[in-house]
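The block underneath contains the structure these notes are about, expressed in structure tokens.
Bear in mind these aren't lab numbers, they're just calculated from the coordinates by the rules spelled out. Not measured: the values here are computed from a predicted model. Glycine gets a Cβ as well: all are built from the backbone with ideal geometry, and neighbour counts include every protein chain shown.
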């Protein structure tokens, strides 16, 4: 099962990272035309806009991986210090209130939050990344707070406090190092969630602009051509499923072996 | 004696507060974020006159508190304003599309729950065996797959390759079973794993509990142990997961309706977003938030009802 998971993640990931380097090696078509069937010039045919489907498959994964990584980085850059600060504060009521305020964001499912923003014109890469990061915050802050307040940690913290270590070293640096394992496991599970969220937003036309080559955007642009150019939809769809499903399966296997809870 | 009743009332109160917060959140997201909504909605080519007209229509030329008070008062009366595109009341637009979504989501839930319980019990009774490893692995993989991509692969197989099922509703009635099969299948496949894994975990824990071990020692038949003790103990913890599954289905419904051109609230929401019909976007967002809150409340109430029974019969 682990080998299958590695294969499922590996193929789309390699395509996403190395694809843009390989794409220029494909023979350029002097007269590109839409909806061509697979042939010697276009191995997978062309899409509704006359673009080579193989080239789209090679170049459309970079945004998927980069956006997911970017949203995750934003989430943890904001969520980890916030979670550590809430765990360290002596104002328990303030910490609980802050967590409740963050949890309010969960009233609206993530994708619908992105839709509400897009419906009032707030769209584009910046809004997409910010919104995808914000909707993950409540869970990440809760995880970091919980991990930082683990009973096993208390003796070490008290020792550091008694030896006069500064507040930031105890509560941010050392506790941050302590929670890094839990954060890493969480990041693996969350990667598939964020990837699916961003891909769904791009498919619904509320994410990336249409001139960006992205697997989900390509699918959205070709939905009317399913019976004429199936490869233009099925190839990027298969790659997205492989990447998301493989990531989740891999994290699940690793967590199962290490005994971590996901 | 009165504690469960009091707990229920408290939960309903919390749900009421959550609904209030949801309305503030939706209003803040649509009306208070940086940028002038009328200018953003109309785009850079709009004339000053058009922008002023839309500002007056949306009320963005008035203070935010006053606008929210008006909007909330309308909400209480069931008046969510009118669609900017069709001019019809928002509430009418929502109710017009509700039936299709209830049919789609309801059918998907009706299929998902028994299937998840069956798979969860099957895997949970044989932990570590091939049936457990395969079902857990498949569940972990499929629950992460984007619904639209999953739907396209199913369409590719069952519509394009085999020609068994229609690829989209194409204006046809949802009451035609063939139209519903693929959309329901996508929702079921994408949410099944979440629930079946929780049921499996509950069954494994219940099956290994001292209580069940003792009953086996007493000589009760395996069927009685399973149906009267392992199953209730295993399924109760999965109820909370049912709320998550329902939340997931809400997002899934939006994507699935857009993919299969179904005339439900999900597709209506996508259309409202594309047309930047702000009052309609607010209406759909509130409807989805209210559904999330009500589903969570129902799950909480059922869990609360089950908990004392389990406490009394450990």
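Most tightly packed first, judged by the mean number of other beta-carbon atoms within 10 Å of their residues, the peptides A:177-190, B:256-269, B:228-241 read B:256-269, B:228-241, A:177-190. From the square roots a ≥ b ≥ c of the eigenvalues of the alpha-carbon gyration tensor of the protein assembly as shown, which class results: rounded (a/c under 1.5), prolate (a/b over b/c), or oblate? Rounded, since a/c falls under 1.5. Would you please give the FRET efficiency between residue B:261 and residue B:228, computed as 1/(1 + (r/R0)^6) with r the Cβ-Cβ distance and R0 = 41 Å, to the nearest 0.05? Using R0 = 41 Å, I get an efficiency of 0.30. Working note: 222 nm ellipticity from helices only, DSSP H runs with n ≥ 4, each -39,500 (n - 2.57), summed and divided by the residues of chain A, gives -23000 deg cm²/dmol to the nearest 500. Each label was represented as a point 7 Å from its Cα along the Cα-to-Cβ direction; for residue A:77 and residue B:303 these points are 3.5 nm apart. Helix B:265-274 and the longest principal axis of the C-alpha atoms of chain B enclose an angle of approximately 40°. In this calculation the C-beta distance from residue A:92 to residue A:26 is compared with R0 = 60 Å, giving a FRET efficiency of 0.50. Computed from the C-beta positions of residue B:161 and residue B:85, the FRET efficiency with R₀ = 30 Å rounds to 0.20. How far is helix A:231-258 tilted, in degrees, relative to the longest principal axis of the Cα atoms in chain A, given as a value from 0 to 90 rounded to the nearest 10? Helix A:231-258 sits at roughly 30 degrees to that axis.
Three semi-axes describe the equivalent ellipsoid of chain B; taken as square roots of 5 times the Cα gyration tensor eigenvalues and ordered largest first, they are 44, 27, 15 Å. The stretch between residue B:126 and residue B:50 holds 20.7 nm of extra length on full extension. This uses 0.36 nm per residue minus the Cα-Cα distance.
Exposure proxy ranking for A:241, B:40, based on other Cβ atoms within 10 angstrom of each Cβ and starting from the fewest, stands as B:40, A:241. Let me make sure I get this right: for region B:139-251, a, b and c are the square roots of the gyration tensor eigenvalues over alpha carbons, sorted descending. Under 1.5 in a/c it's rounded, otherwise prolate if a/b > b/c, else oblate. Which is it? Because a/c hits 1.5 or more and a/b exceeds b/c, region B:139-251 counts as prolate. Per-residue Cβ neighbour counts within 10 Å put A:161, A:115 in the sequence A:161, A:115, beginning with the fewest. If one computes the Cα centroid of region A:152-197 and of region A:59-90, what distance in Å separates the two points? Going from one Cα centre to the other spans 14 Å. Determine the shape class of chain A: with a ≥ b ≥ c the square roots of the Cα gyration tensor eigenvalues, call it rounded for a/c under 1.5, and otherwise prolate if a/b is greater than b/c, oblate otherwise. Taking the square roots of the gyration eigenvalues as a ≥ b ≥ c, chain A is prolate. Against chain B, whose longest principal axis is taken from its Cα atoms, helix B:177-207 shows a tilt of about 50°.
Between residue A:150 and residue A:43, the modelled labels are 4.6 nm apart [label points 7 Å from Cα along Cα→Cβ].
Residues B:85, B:295, arranged from fewest to most other Cβ atoms within 10 angstrom of their Cβ, appear as B:85, B:295.
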